[in-house]
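Okay, structure first, notes after.
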Amino acid sequence: MSSVAIEVDLPEDWSHFALPPALDARLTKLLDQQDQTGVLEESQQQEAEAMCKLVDMLALLRLRAERASRS
């Protein structure tokens with residue numbers, strides 16, 4: 001894996017590193033449906049997986065931004 005260092009202006013409010021409310025609601029709906037029925041259509045499964053990856057990436061960005069602001 002390679003790495004690249006970039007400089008960005010970080011927002012004061014870490015909540016910017018989160019899913020927008022509409023995407024969060026959609027992901028919740030898909031996950032609730034999966035919990036209730038045990039299945040999702042293939043396109044729904046792909047959509048949910050993509051949003052979960054985005055959530056993970058945003059969480060990592062938030063943690064790294066918090067760490068950088070402390071140093």
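The table below gives the values:
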| read-out | value |
| --- | --- |
| Members of segment 55-71 that are farther than 11 Å from residue 17 by Cβ and part of a helix (DSSP H, G or I) | 56, 67, 68, 69, 70 |
| Filter result (closer than 21 Å to residue 32 by Cα and not acidic (Asp, Glu)) within segment 52-71 | 52, 53, 54, 55 |
| Residue tally, condition aromatic (Phe, Trp, Tyr) and either more than 30 Å from residue 68 (Cβ to Cβ) or in a helix (DSSP H, G or I) (or both), over segment 9-51 | 1 |
| Selection count, segment 47-71, where residues are without any contact (Cβ under 8 Å) to a residue 24 or more places away in the chain and over 12 Å from the mean Cα position of the chain (by Cα) | 6 |
| Filter result for residue 44 (surrounded by 10 or more Cβ atoms within 10 Å (Cβ to Cβ), free of Cβ contacts under 8 Å to residues at least 60 places away in the same chain and more than 14 Å from the chain's Cα centre (by Cα)) | yes |
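Every read-out reported here was derived from the displayed coordinates using simple, explicitly stated rules and does not represent laboratory data. Treat the numbers as computed from the prediction; the structure is a model and nothing was measured. Neighbour counts are summed over all protein chains in view; Cβ atoms, including those assigned to glycine, are modelled from backbone coordinates with ideal geometry.
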